[in-house]
Amino acid sequence: MPGAPAAGAGPHVMHNNVLGHDNDMSAAIETGGFVASAVRTDAPPAIVMDKVNKWFGALHVLRDVDLQVAAGERVVVCGPSGSGKSTMIRCINRLETHQEGRILVDGVELSDDVRALDAIRREVGMVFQSFNLFPHLSILENCTLAPIWVRKMPKKQAEELAMEYLTRVKIPEQAKKFPGQLSGGQQQRVAIARALCMKPKIMLFDEPTSALDPEMIKEVLDTMVMLAAEGMTMICVTHEMGFARQVADRVVFMDRGEVVESGTPDQVFNDPKTERLKLFLSQILRGH
């Protein structure tokens, strides 16, 4: 699976009310306070998907997907395996191409225009299930590669930026090590720092904790909560329902390539409207 750079920043606000430890919450995440919304209603949408369709051969994997994400909004996408979640967010930076409909990122429509695509990818960071770090490069070199070659940043400036973000994800002491010397949770935090070094406006997370052992999940989720608190525009595909409750402005439920239901975490988890969502919640919460 291909790797990608990315990430940015914004205002820092937190609420103090405590999130209870529901039985639907991942045992690996100990949540603190709800993260206050940083949605900018005065700005144009960061992402627009309009009647997006995609096929893999005869398999119709995305069906008339409509989705708008505001600047500063945090959207969690959930749904059963094979529902099209990962394909949808991979279409946003054209790691997958859609066959019908329109996708606009930061006001620019995705097309075959290579220059426009390069500009979009500089503004959109992505973190994958697998870490996609270069094993022969040090942690610092992994983080400085894209800023130096894509942003044309001087090496010294890129290294200072990389150390800033490695510090923010709480692993600056690992800078001179190689990926194979780090735990899975540490490697995923390096992947997030690497993305942040490109200073993108939007971050996409494709099940970033699914390849991790339970004890490593919390350290990655804590890093993502930090990003959310800073006002980063985020779309995250995850089954971590505690994270969704704490961080999301909106939860989108997908099944069979369609957006079936969308609403606030409270609406989706406590008052689901469709039988498909009720069934999904009963199945996923059974294991927590």
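In what sequence, largest accessible area first, do Thr264, Thr209 appear using a 1.4 Å probe? Walk me through the intermediate numbers first.
Working: Thr264 60, Thr209 10 Å².
Greatest to least solvent exposure: Thr264, Thr209.
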(Q) Using a 1.4 Å probe on the protein heavy atoms, what percent of the accessible area of the stretch 91-222 belongs to carbon and sulfur? (A) 52 percent
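Considering only protein heavy atoms, with the full assembly of protein chains and a 1.4 angstrom probe, order Asp222, Asp266 by accessible area, largest first. Could the numbers behind the result be given before it?
Numbers: Asp222 60, Asp266 100 Å².
Putting Asp222, Asp266 in descending order of accessible area: Asp266, Asp222.
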Q: With the Cα gyration tensor of the stretch 110-267 in hand, convert its eigenvalues to equivalent ellipsoid semi-axes via √(5λ) and list them largest first in whole Å.
A: 27, 20, 14
Q) Tell me, what is the percent relative contact order of the stretch 102-255, built from C-alpha pairs under 8 Å that lie six or more residues apart? A) 26 percent
Q. Expressed as a rounded percentage, what relative contact order does the stretch 184-280 have, with Cα pairs under 8 Å and six or more residues apart?
A. 21 percent
Q: Please work out the FRET efficiency for the pair Ser111 and Val39, using the Cβ-Cβ distance as r and a Förster radius of 35 Å; give the result to the nearest 0.05.
A: 0.80
Q. What are the aspartates and glutamates whose alpha-carbon lies under 12 Å from the alpha-carbon of Lys273, with same-chain residues fewer than 8 places away excluded?
A. Glu261
Q | Nearest-20 debye value, the stretch 186-248 charge dipole, Cβ charges on Lys, Arg, Asp, Glu | A | 320 debye
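With a 1.4 Å probe and all protein chains in place, put Ile120, Ile148 in order of accessible area, largest first. Mind dumping the intermediate values first?
Details: Ile120 5, Ile148 50 Å².
Putting Ile120, Ile148 in descending order of accessible area: Ile148, Ile120.
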(Q) What do you get for trypsin sites (Lys or Arg not before Pro) in the stretch 218-265 restricted to DSSP loop and a cutoff of at most 15 other Cβ within 10 Å of the site's Cβ? (A) Arg256
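Can you figure out the FRET efficiency of Gln267 with Glu100, using R₀ = 41 Å and their beta-carbon distance, to the nearest 0.05?
Numbers: r = 29 Å, r/R0 = 0.72.
Efficiency computed from Cβ-Cβ geometry: 0.90.
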Q: Hand me the trypsin sites (Lys or Arg not before Pro) from the stretch 110-180 located in a DSSP loop with no more than 14 other Cβ atoms within 10 Å, in residue order please.
A: Lys152, Lys176
Q) List the aspartates and glutamates whose alpha-carbon lies under 14 Å from that of Lys51, not counting same-chain residues fewer than 8 positions away? A) Asp64, Asp66, Glu100, Glu109, Glu258
(Q) Beyond a 30 Å Cα-Cα separation, which of these cross-linked pairs lie in this structure: Lys54/Lys177; Lys54/Lys170; Lys156/Lys201; Lys54/Lys152? (A) Lys54/Lys177; Lys54/Lys170; Lys54/Lys152
Q. P(r) for the stretch 206-288: what percent of alpha-carbon pairs falls in each 10 Å bin, starting at zero?
A. 16, 49, 32, 4
Q: For Met226 paired with Lys170, estimate the spin-label separation in nm (one decimal), with each label point 7 Å from Cα along the Cα-to-Cβ line.
A: 0.8 nm
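Taking only protein heavy atoms and a 1.4 Å probe, what accessible area per residue, in Å², does the stretch 187-288 have with all protein chains in place?
On the way: 3500 Å² over 102 residues.
Per-residue accessible area for the stretch 187-288 comes out at 34 Å².
The values are calculated or read from the model by the stated rules, or taken from the named source; none is laboratory data. This is a predicted model, so every value here is computed, not measured. All Cβ positions, even for glycine, are placed from backbone atoms using ideal geometry, and neighbour counts span all protein chains on display. Ligands, DNA and RNA are excluded from the accessible area calculation, which covers all protein heavy atoms including side chains. Shrake-Rupley method; radii C 1.70, N 1.55, O 1.52, S 1.80 Å.
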